[in-house]
1. Please say if region 1-99 is rounded, prolate or oblate, where rounded means a/c under 1.5 for a ≥ b ≥ c the square roots of the C-alpha gyration tensor eigenvalues, and otherwise the choice is prolate for a/b larger than b/c and oblate otherwise?
2. With charges only on Cβ, +1 for K and R and -1 for D and E, what is the dipole size of the chain about its Cα centre, in debye, rounded to 20?
3. For region 16-67, which GluC sites (Glu not before Pro) are both in a DSSP coil and crowded by at most 12 other Cβ atoms within 10 Å?
4. I'd like the trypsin sites (Lys or Arg not before Pro) in region 112-165 restricted to DSSP loop residues with at most 16 other Cβ atoms within 10 Å, sorted by number.
5. Please say if region 49-192 is rounded, prolate or oblate, where rounded means a/c under 1.5 for a ≥ b ≥ c the square roots of the C-alpha gyration tensor eigenvalues, and otherwise the choice is prolate for a/b larger than b/c and oblate otherwise?
6. Which length gain, in nm to one decimal place, applies between E117 and T64 when the Cα-Cα distance is subtracted from 0.36 nm times their residue separation?
7. How far is it, in nm, from the label point at S182 to the one at E43 when both lie 7 Å from their Cα along the line to the Cβ?
8. Could you work out how far the C-alpha centroid of region 1-41 sits from that of region 136-172, in angstrom?
Amino acid sequence: MAITGASGAPYGIRLLEQLLVAERRVSLIVSSHGFRLLRTESEVGDLAGLRAAVGAERFDRLVTVYDDGDRGAAPASGSSLAGGMVICPCSMGTLASIAAGTSRSLVERAADVALKERRPLLMVTRETPLSLIHLENMRRVTLAGATVMPAAPGFYHRPSEIGELVDFIVARALDHLGVPNSLAPRWGEPEA
């Protein structure tokens, strides 16, 4: 899992928390802009704050943290087994680099590896409006095998707080990652 500098820190924090609740092992990469985002949009100022926010015990047991500047780390190699990758939130700069195959950082290289190894790559983008360049980059990564999921929550469940909007997107991301969840109501199902 990677967190980059697109607005949407609550999505990344909640997704990481839910992956750990589901007892999933997570290779975590946070870009420098991702850390800035966490500081700006949440009360998470650093890795220790993120650990506390998602549950220290599970974090210590299930998360391996990699430095975004280390393009020689395990996620940079196709021989390192992984079930897939999610970038949440995913900045348009990260999307562009992945679409171009430039691999300037570990986040970008790990995504490149996911694509070349035909592993799932989920990119939870958060930008509006979208330029033609953004759309073309989304098209390119989609053709290469990625799934682009703009963080655009639905309203049919009549959310009354921000957390319900966050959970709507996180639930969809978990669905795409094959992680069972009941974070948000599903269309056509009776409300709990």
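1. Numbers: a/c = 1.63, a/b = 1.06, b/c = 1.54.
Oblate, because a/c is 1.5 or more while a/b does not exceed b/c.
2. Values: 20 positive and 21 negative charges, 110 e Å.
Computed about the Cα centre, the dipole is about 520 debye.
3. Qualifying residues, ordered by number: E23, E43.
4. Of the trypsin sites (Lys or Arg not before Pro), the ones in loops of region 112-165 whose Cβ has at most 16 other Cβ atoms within 10 Å are R118.
5. On the way: a/c = 1.91, a/b = 1.29, b/c = 1.48.
Oblate shape, in that a/c is at least 1.5 and b/c is the bigger or equal ratio.
6. Numbers: separation 53, 0.36 × 53 = 19.08 nm, distance 2.10 nm.
Gain on extension, E117 to T64, equals 17.0 nm.
7. For S182 paired with E43, the spin-label model returns 2.8 nm.
8. Comparing the Cα centres of region 1-41 and region 136-172, I get a distance of 15 Å.
Bear in mind that the values in this text are calculations on the coordinates, not laboratory data. Values in this document were obtained by computation on a predicted structure and should not be read as measured data. With ideal geometry, Cβ positions are generated from the backbone for all residues, glycine too; neighbour counts draw on all protein chains shown.
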